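The values are calculated or read from the model by the stated rules, or taken from the named source; none is laboratory data. Given the structure is predicted, the values throughout are model-derived calculations rather than measurements. Cβ coordinates were reconstructed from backbone atoms using ideal geometry, including for glycine residues, and neighbour counts include every protein chain displayed.
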Amino acid sequence: MFSGNQNNQHGQNNVTHTQSAIFQGIGSIILSLPWAIASFAVFATVADDGTCTGTPYSWGDSSRWAYLTALIIEVILFPIRLTVAKKRDNGEESSIAGLISCMTFIESTLLFGFYIYACIALGNRGSCANQNLVNLLWATVLIPVIVMVIACCCCCCCMCLFGAVLGAAGSAQSQQQAQGQTSTEANQLRHDLEEGRNLLEEQIKETENAHKIDMA
């Protein structure tokens, strides 16, 4: 029975890690592919007639290979991630797990450096008359910023909502405690009044009895 539970746990882990690797790999490829296609398509419209020169032209020329390299890295990483995930599901360590971190670091460094390059090229967009390339520069610079701002706003909204829920729960609990304390105090007061009334009745009876004895 214990062995069966272990097998079930392994099966659940297998689904979790494998699906995570598949979703991450497919998502990364889907995100990288449009940029690679757009860079080749846009630079194909740049005429080599001197209307686009300087940093924007150099960025457009190198953007094709930078985005293509990122896409190739994601395609290579997909089966590697899947292999590592399957071994993790079986409780095994993979010797190629470090390769994922290494390639991911190379890709992240490449894209970050290329983003800085795009910012510099956008600042010199006056030397390029090709609007398609300028638009690609704007998209390269602004889209990551917009995504980060949206993510930060979502995190802030979630934190505010979580705080409001906790505050409402705490307020309700405090109100219940206050009601319970008030009820306890009322019961104690009622008990004290009842004892006082009984004591007064006993004193009255004792007084009446003493008066009757004196009269007798």
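If the requirement is being within 29 Å of L133 (Cβ to Cβ) and not acidic (D, E), which of these qualifies: R88, R64, R81? Can you show your working first?
Numbers: R88 fails: within 29 Å of L133 (Cβ to Cβ); R81 fails: within 29 Å of L133 (Cβ to Cβ).
None of the other options fit; the residue is R64.
Sort through I204, I213, I120 and tell me the only one that's at pLDDT 85 or above and either assigned to a helix (DSSP H, G or I) or surrounded by 10 or more Cβ atoms within 10 Å (Cβ to Cβ) (or both).
Numbers: I204 fails: at pLDDT 85 or above; I213 fails: at pLDDT 85 or above.
Answer to the check: I120.
Return yes when L133 is surrounded by 10 or more Cβ atoms within 10 Å (Cβ to Cβ) and touching a strand residue (DSSP E or B) at 6+ places or on another chain (Cβ under 7 Å) and no when it is not.
Working: surrounded by 10 or more Cβ atoms within 10 Å (Cβ to Cβ): yes; touching a strand residue (DSSP E or B) at 6+ places or on another chain (Cβ under 7 Å): yes.
Yes: the conditions hold for L133.
Looking only at residues that are in contact with a helix residue (DSSP H, G or I) (Cβ under 6 Å, 6 or more places away or on another chain) and surrounded by fewer than 21 Cβ atoms within 10 Å (Cβ to Cβ) in the range 48-65, which one is nearest to A21 (Cα to Cα)? Break it down stepwise before answering.
Just the residues of the range 48-65 that are in contact with a helix residue (DSSP H, G or I) (Cβ under 6 Å, 6 or more places away or on another chain), to begin with: 53-56, 59-60, 63-64.
Imposing the further condition that a residue be surrounded by fewer than 21 Cβ atoms within 10 Å (Cβ to Cβ) reduces the set to 53-55, 64.
On the way: T53: 42, G54: 41, T55: 38, R64: 27 Å.
Filtering first and then ranking leaves R64.
Given L99, L71, which one is surrounded by 12 or more Cβ atoms within 10 Å (Cβ to Cβ), of a type outside the set (G, A, S), within 28 Å of T18 (Cβ to Cβ) and modelled with pLDDT under 90?
None of the other options fit; the residue is L99.
Which condition number does S94 fail, the rest of (1) touching a Ser or Thr at 6+ places or on another chain (Cβ under 8 Å); (2) part of a helix (DSSP H, G or I) being met?
Among (1) touching a Ser or Thr at 6+ places or on another chain (Cβ under 8 Å); (2) part of a helix (DSSP H, G or I), S94 violates only (2).
Just checking, does the range 76-83 include any residue being of a type outside the set (A, V, I, L, M) and over 24 Å from G27 (Cα atoms)? Let's see the steps before the verdict.
Looking only at the range 76-83, we keep the residues that are of a type outside the set (A, V, I, L, M), and these are 78-79, 81, 83.
Cutting the leftovers down to over 24 Å from G27 (Cα atoms) gives us none.
No, the range 76-83 has no match at all.
Can you tell me which of (1) in contact (Cβ under 8 Å) with a residue 12 or more places away in the chain; (2) small (G, A, S); (3) in contact with a Lys or Arg (Cβ under 9 Å, 6 or more places away or on another chain) is the one G91 doesn't meet?
Going through the list (1) in contact (Cβ under 8 Å) with a residue 12 or more places away in the chain; (2) small (G, A, S); (3) in contact with a Lys or Arg (Cβ under 9 Å, 6 or more places away or on another chain), G91 breaks only (3).
Just one of (1) closer than 30 Å to S39 by Cβ; (2) at pLDDT below 90 trips up F162, so point out which.
(1)
Do any residues in the range 98-110 that are under 15 Å from G25 (Cα atoms) have Cβ atoms under 6 Å from those of residues that are in a helix (DSSP H, G or I), where the two are at least six apart or on different chains, and which pairs are they?
That search, which allows pairs on different chains as well, returns I100/I80; M103/I73; M103/L77; E107/A70; E107/I73.
Please enumerate the residues belonging to the range 36-47 that are surrounded by 19 or more Cβ atoms within 10 Å (Cβ to Cβ) and either over 16 Å from L122 (Cα atoms) or touching a His at 6+ places or on another chain (Cβ under 6 Å) (or both). It would help to see each step written out before you state the result.
Taking the range 36-47 as the starting set, the residues that turn out to be surrounded by 19 or more Cβ atoms within 10 Å (Cβ to Cβ) are 36, 39, 42-43.
Within the range 36-47, A36 is the sole residue that qualifies.
Every residue, every condition in (1) of a type in the set (D, E); (2) surrounded by 10 or more Cβ atoms within 10 Å (Cβ to Cβ); (3) over 31 Å from the mean Cα position of the chain (by Cα); (4) farther than 30 Å from T45 by Cα, yes or no:
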| position | (1), (2), (3), (4) |
| --- | --- |
| R125 | no, yes, yes, no |
| I143 | no, yes, no, no |
| L161 | no, yes, no, yes |
| V165 | no, yes, no, yes |
| T184 | no, yes, yes, yes |
| L193 | no, yes, yes, yes |
